[in-house]
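J.: So that we are looking at the same thing, I have put the structure below in structure tokens.
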Amino acid sequence: SQQGEEDPQALSIQEGENATMNCSYKTSINNLQWYRQNSGRGLVHLILIRSNEREKHSGRLRVTLDTSKKSSSLLITASRAADTASYFCASTQYNFNKFYFGSGTKLNVKP
Amino acid sequence: KAGVTQTPRYLIKTRGQQVTLSCSPISGHRSVSWYQQTPGQGLQFLFEYFSETQRNKGNFPGRFSGRQFSNSRSEMNVSTLELGDSALYLCASSTTRQGQYEQYFGPGTRLTVT
């Protein structure tokens, strides 16, 4: 069953603006991973942050992790229309072979 | 390296029938997981196979079953299909890198039950 919640559920911004999505989880984690899903397609792995990391960057993506609050955020800077997709966080526990997905944020970037 | 492949990509079945979906993981990955994605329930974990053995199972009825072959390819079977089984079925192959477990997803099989 899902153990994460994401907010907002939907986000609509203009091209060039930044988009921030948040994810909360319920139990101690080994790592947290973010995925993108274009409509009706598979999930694309974006970035992994370990439980002992606080921030990680990859291109226009910046992920933060606050284990004391059991939350993570994904920031997409200078968004593009091609970033329009649903974004999911997935946490893994120390019994690491189970993934727990959040409910996802649907991002719409208007050109 | 080739990614995760799933076949077929689209499938239409009638209520009461059964269906088999196939997944080929990334070369070298020994773990394969299956998920069901619906608008109402989101992404739900079905089961995970590792070295031909089911290692984890989600909360789905026994109509949902799977298996894994010696080459790590996996199949998922749904018997006595119900309308509510209409969903996108995603397969993910997994590896452990530097102590971290990562999953890579296939494009999915869109199953429609009429």
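J.: Being farther than 25 Å from B:L88 by Cα and within 13 Å of the chain's Cα centre (by Cα) is the requirement here; does A:H45 meet it?
T.: Details: farther than 25 Å from B:L88 by Cα: no; within 13 Å of the chain's Cα centre (by Cα): yes.
So A:H45 fails the test.
J.: Which residue out of A:Y100, A:Y87 is more than 10 Å from chain B (Cβ to nearest Cβ), out of contact with any His (no Cβ under 9 Å at 6 or more places or on another chain) and assigned to a strand (DSSP E or B)? I'd like the intermediate steps shown before the answer.
T.: Numbers: A:Y100 fails: more than 10 Å from chain B (Cβ to nearest Cβ).
One residue alone meets the criteria, A:Y87.
J.: OK, next. Name the residue, out of B:R30, B:R55, B:R9, that is within 13 Å of chain A (Cβ to nearest Cβ) and closer than 15 Å to A:F99 by Cα. Can you show your working first?
T.: Working: B:R30 fails: closer than 15 Å to A:F99 by Cα; B:R9 fails: closer than 15 Å to A:F99 by Cα.
The match here is B:R55.
J.: If we scan segment B:78-95, do we find a residue that is among the β-branched types (V, I, T) and within 21 Å of A:S39 (Cβ to Cβ)? So that I can check it myself, show each step before the final result.
T.: Within segment B:78-95, the first condition is being among the β-branched types (V, I, T), and the residues that meet it are B:78, B:80, B:95.
Filter once more, keeping what is within 21 Å of A:S39 (Cβ to Cβ): none.
No, segment B:78-95 contains no residue that is among the β-branched types (V, I, T) and within 21 Å of A:S39 (Cβ to Cβ).
J.: Considering only segment A:51-60, I want to know if a residue exists there that is within 10 Å of chain B (Cβ to nearest Cβ) and out of contact with any helix residue (DSSP H, G or I) (no Cβ under 6 Å at 6 or more places or on another chain). Show your work before the answer.
T.: Initial filter on segment A:51-60 (within 10 Å of chain B (Cβ to nearest Cβ)): A:51.
Narrowing the set further to residues that are out of contact with any helix residue (DSSP H, G or I) (no Cβ under 6 Å at 6 or more places or on another chain) leaves A:51.
Yes, the conditions are met somewhere in segment A:51-60.
J.: Being more than 20 Å from A:G104 (Cα to Cα) and not aromatic (F, W, Y): is that true of B:T38 here? Let's see the steps before the verdict.
T.: Details: more than 20 Å from A:G104 (Cα to Cα): no; not aromatic (F, W, Y): yes.
Against the criterion (more than 20 Å from A:G104 (Cα to Cα) and not aromatic (F, W, Y)), B:T38 does not qualify.
J.: Does A:Y35 meet the test of being under 30 Å from B:R55 (Cβ atoms) and in contact with a His (Cβ under 7 Å, 6 or more places away or on another chain)? First the steps, then the outcome.
T.: Working: under 30 Å from B:R55 (Cβ atoms): yes; in contact with a His (Cβ under 7 Å, 6 or more places away or on another chain): yes.
For A:Y35, the condition - under 30 Å from B:R55 (Cβ atoms) and in contact with a His (Cβ under 7 Å, 6 or more places away or on another chain) - is met.
J.: Quick check on this structure: which one of A:L48, A:L107, A:L11, A:L75 is assigned to a strand (DSSP E or B), at negative phi and within 13 Å of another protein chain (Cβ to nearest Cβ)?
T.: After ruling out the rest, the residue left standing is A:L48.
J.: Just name the residue that is surrounded by the fewest Cβ atoms within 10 Å (Cβ to Cβ) out of those in segment B:19-32 that are at pLDDT below 95 and hydroxyl-bearing (S, T, Y).
T.: B:S27
J.: Could I ask something else about it? Out of everything in segment B:67-114 that is more than 30 Å from A:I49 (Cβ to Cβ) and among the small types (G, A, S), what residue ends up being surrounded by the fewest Cβ atoms within 10 Å (Cβ to Cβ)?
T.: Ranking the candidates gives B:S70 first.
J.: Going by the conditions given, is A:S28 more than 14 Å from chain B (Cβ to nearest Cβ), small (G, A, S) and part of a loop (DSSP other than H, G, I, E, B)? Steps first, answer last, please.
T.: Details: more than 14 Å from chain B (Cβ to nearest Cβ): yes; small (G, A, S): yes; part of a loop (DSSP other than H, G, I, E, B): yes.
The answer is yes for A:S28.
The values are calculated or read from the model by the stated rules, or taken from the named source; none is laboratory data. These numbers were taken from a predicted model, which means no experiment stands behind them. All Cβ positions, glycine included, derive from the backbone under ideal geometry; neighbour counts span all protein chains shown.
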